1. Condition first: of a type outside the set (Lys, Arg), more than 24 Å from the chain's Cα centre (by Cα) and surrounded by fewer than 19 Cβ atoms within 10 Å (Cβ to Cβ). Now tell me which residues in region 220-238 satisfy that.
2. What is the number of the single condition among (1) touching a Phe, Trp or Tyr at 6+ places or on another chain (Cβ under 8 Å); (2) within 24 Å of Ala20 (Cα to Cα) that Pro106 does not meet?
3. Looking at region 18-29, is at least one residue in contact with a strand residue (DSSP E or B) (Cβ under 7 Å, 6 or more places away or on another chain) and assigned to a helix (DSSP H, G or I)?
4. Could you please give the count of residues in region 142-158 that are in contact (Cβ under 8 Å) with a residue 12 or more places away in the chain, part of a helix (DSSP H, G or I) and among the aliphatic types (A, V, I, L, M)?
5. Does Ala145 qualify as being at pLDDT 95 or above and surrounded by fewer than 17 Cβ atoms within 10 Å (Cβ to Cβ)?
6. Go through Thr107, Thr129 for me and flag whichever is crowded, with 21+ Cβ neighbours inside 10 Å and not acidic (Asp, Glu).
7. Please go through region 307-336 and pick out each residue that is closer than 18 Å to His18 by Cα, touching a Leu at 6+ places or on another chain (Cβ under 8 Å) and not in a helix (DSSP H, G or I).
Amino acid sequence: MNDATSWRLNPTDEMLHHAAQSLGSSRVVQVLWRFSAPLPAEALQAEWRRLDAGLLSRRAAPARFPGARRTWVRAANTQPLHLEQRPLTDATAPQWIDAQIQEPLPTDSAALWRLAAAPYQGGCLVSLTVPHFRSDGLGILNALAGSTVARRPAGLRHSDAADALRQVGGAVVQSARWSLELAGNARRRALIGTALRRRPAPPPGPPAQPRFFTTAIVDVDASAWEERARACGGTTNSLFLEIAANLVRAHVPRPRRSDIELGIPMNLRRGAADERANALVVVPLGVPDHPVQHEDLRRTRQATKTLLEGSGAHSATLVPAPLWHLLPTRLAGALKNPGAQQTDAVASNFGQAPDAVARLAGRTAESVALRTMNVPGLHPDKARLRASLCLCRLGSRMALTVTGMPDHFGDSTSLHRLVAEELTAWGLTARPWWCAPAPDPTKG
């Protein structure tokens, strides 16, 4: 989709770029594949070259005309393919995937993304890590499934001057309509007033050290998940959200008994051909902070439906997006909605993984899992987030990834136990992803 917006940075792109400076850490998306047979090094190198010709190999460049948004430009990835020679075990595999996501991929670096593989149980594990500011999860899956070379659109309508005119014109028109709506909306005026107030200085003393979240990845039967959700009056997604809420209810101390806020990444992507880096907005779903429950999903289902019906691209900022892009950095930073890191937990449902994603380097994976992590870790004094969950289906199996702050969820072994207990309470059986081959996909 080579339109005039897909190669321009939108508010979500910009916010993710600035997060490393304001919050001290960056969000990174990791895709993991598990194969029952080794992958040839030549095939993995060919996969690396294919990805380097695609949308993941872009960097942000400043506009050359005042008022225009920054633009994506093609770039070559300097991070080579990494092949581990020593076989991994169930004990060392988690350490290896953590090492991959912790490898620095800064905003100003030519190291754009990282592809790595390691032998595991006669087969192999493959990891792809991409900074969230470079692409959201669905964008990464589309890049993996696509076969076309990324080309930056050319022509007058794609020029900086044309974009500046669009931004100024959009700011004038949308701001006029927005001002009229604002006059009759006391709640929105209060939100803007609060956002514009200077935040109090942090208390004296050394800042909190970043916490690198621990991880649990489990494999669940998809039909059983769907049947349990229906029996409780919900959907696959509402059961996923209630699991996230229960983990917070049970394990994260909360000084005030207010609603738990779950960050839901709302997909704004217009099909697989959409070339935007981040085509989503994270909207907060409030769920009651009552004791854990494993019976009724109707409230969560209806609340989610209502929230998403009233949300969209406009939900990223407190002012119209064209106006937001023209504001000074400090004002723009204040007039954005808080995003995922200021919720209690974020729950990313990636749905069914396309067959082309499961097939990498000429072979079909037994399972695909995703996770999003703060690197080098989350600063608990700057961000509210305490857990991050991802759900991805491949064939008849669900891969559920839960990452959580070790202060609340303990180490990986402890977190695995807590996740298994939560799923058992819903009548679901969780198997560790490391040793749970999914028999459904056809191997190639």
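1. Ser223, Ala224, Glu227, Ala231, Gly233
2. All conditions pass for Pro106, except number (1).
3. yes
4. Within region 142-158, residues that are in contact (Cβ under 8 Å) with a residue 12 or more places away in the chain, part of a helix (DSSP H, G or I) and among the aliphatic types (A, V, I, L, M) number 3.
5. Working: at pLDDT 95 or above: no; surrounded by fewer than 17 Cβ atoms within 10 Å (Cβ to Cβ): yes.
Answer is no for this residue.
6. Values: Thr107 fails: crowded, with 21+ Cβ neighbours inside 10 Å.
On inspection, the qualifying residue turns out to be Thr129.
7. Thr317, Leu318, Leu327, Leu335, Lys336
Residue by residue, here is whether (1) free of Cβ contacts under 8 Å to residues at least 40 places away in the same chain; (2) closer than 21 Å to Asp296 by Cβ holds:
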| site | (1), (2) |
| --- | --- |
| Gly205 | yes, no |
| Ala216 | no, no |
| Ala222 | no, no |
| Glu226 | yes, yes |
| Cys232 | no, yes |
| Leu241 | no, yes |
| Ala244 | no, yes |
| Val248 | no, yes |
| Arg256 | yes, no |
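The values are calculated or read from the model by the stated rules, or taken from the named source; none is laboratory data. Here the structure is a predicted model, which is why all the values come from computation and not from measurement. All Cβ positions, glycine included, derive from the backbone under ideal geometry; neighbour counts span all protein chains shown.
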